[in-house]
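The values are calculated or read from the model by the stated rules, or taken from the named source; none is laboratory data. Here the structure is a predicted model, which is why all the values come from computation and not from measurement. Virtual Cβ from ideal backbone geometry, glycine too; neighbours counted across all protein chains shown. Remember, those area values only see protein heavy atoms, side chains included, never the ligands or the DNA or RNA. Shrake-Rupley method; radii C 1.70, N 1.55, O 1.52, S 1.80 Å.
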Amino acid sequence: KGYDGNTNATLTSANFSLTGVVTGESFTVTQTSGSYNSKDVATANTVTASLAPGDFSPGLGTSASNYTFPTSASGAGHISKANATVNVTAYTVTYDAQPHTATYTLSGVNGENGATVGIVDVSNTTHTDAGMYTTDYWFFTGTANYSDIPNTTITDVINKKDATWNTDFNTKTYGDDDPNPLTTGSGSGFIGSDNVTATYSRAPGESVAGNPYHITATLSA
């Protein structure tokens, strides 16, 4: 059976064979339950069933009173790995200078979860800067009772944050040097930790008739 967190075994008549039955006579074993020697994939290797006389159904022309029946039977039995349920949620957020990582839920069988089931690795989904990350991926490493899940691609998105910069008006008298600083300004919507600053330059020219001379703010962080 597949791993389900317990030692219960479900049996059919095909799981049993009988010896010592007289030729031409037959019995069907009707016991439908047994027990594995272990609930775990790595150590489960035997199934044992308890038997009572009522578990032996005689075939046509066979009398149960002519036989002494065994009280138990055992044979090889194996448990295969289960599939964990992993749900990974990609993120779509606005840039905030903080790292973001995809989130997930993990569950196994019979109420198992967390490290008992395995480890979901979402480290390849962590980003801070704005962008669309189409090659992000996660994977799952199961414990001995659960199958691994290979790299699975998801798309995470960090949208650009809206921000503005206001450059202040400034003047000078013809023939004088440009003011130092050329002007000042201020921003809004920026993340403080990015330490955005501005340097200013203006269109060339010195004649009064040519004004105004456009001032450009160049931002850096």
**OP:** In a Gaussian network model over the chain where Cα atoms closer than 10 Å are linked, find which of Asp129, Asp96, Asp162 has the largest mean-square fluctuation.
**Re:** Asp162
Subject >> Taking segment 50-136 and dividing mean pair separation by its residue count, relative contact order in percent (alpha carbons under 8 Å, at least six apart) >> reply: 23 percent
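Just add up the charged neighbours of Asp136: K/R +1, D/E -1, any other residue whose Cβ is under 15 Å from the Cβ of Asp136.
With Lys, Arg at +1 and Asp, Glu at -1, the net is -3.
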Original post:
Just how large is the dipole of the chain about the Cα centre, in debye to the nearest 20, putting +1 at every Lys and Arg Cβ and -1 at every Asp and Glu Cβ?
Top reply: 780 debye
Original post:
Hey, in the GNM for the chain with a 10 angstrom Cα cutoff, which one of Asn151, Asn113, Asn211 fluctuates hardest?
Top reply: Asn211
Original post:
Using heavy-atom solvent-accessible surface (probe 1.4 Å) with all chains present, what is the largest-first order of Thr19, Thr30, Thr46?
Top reply: Thr19, Thr30, Thr46
**OP:** Considering Cα pairs under 8 angstrom that are at least six residues apart, work out the relative contact order of the chain and quote it in whole percent.
**Re:** 14 percent
Subject >> Reachable aspartates and glutamates from Lys39, criterion Cα separation under 20 angstrom, eight or more residues apart if same chain >> reply: Asp4, Glu112, Asp148
Subject >> Under DSSP loop assignment and at most 12 Cβ neighbours within 10 Å, longest chymotrypsin sites (Phe, Trp or Tyr not before Pro)-free interval of the chain >> reply: 1-168
**OP:** State the label only: which of [x] 128, 25, 19; [y] 50, 42, 30; [z] 80, 45, 31 corresponds to Cα extents along the principal axes in Å computed from the shown model?
**Re:** [x]
Subject >> Top of Ala102, Ala49, Ala163 by mean-square fluctuation, Gaussian network on the chain, Cα under 10 Å >> reply: Ala163
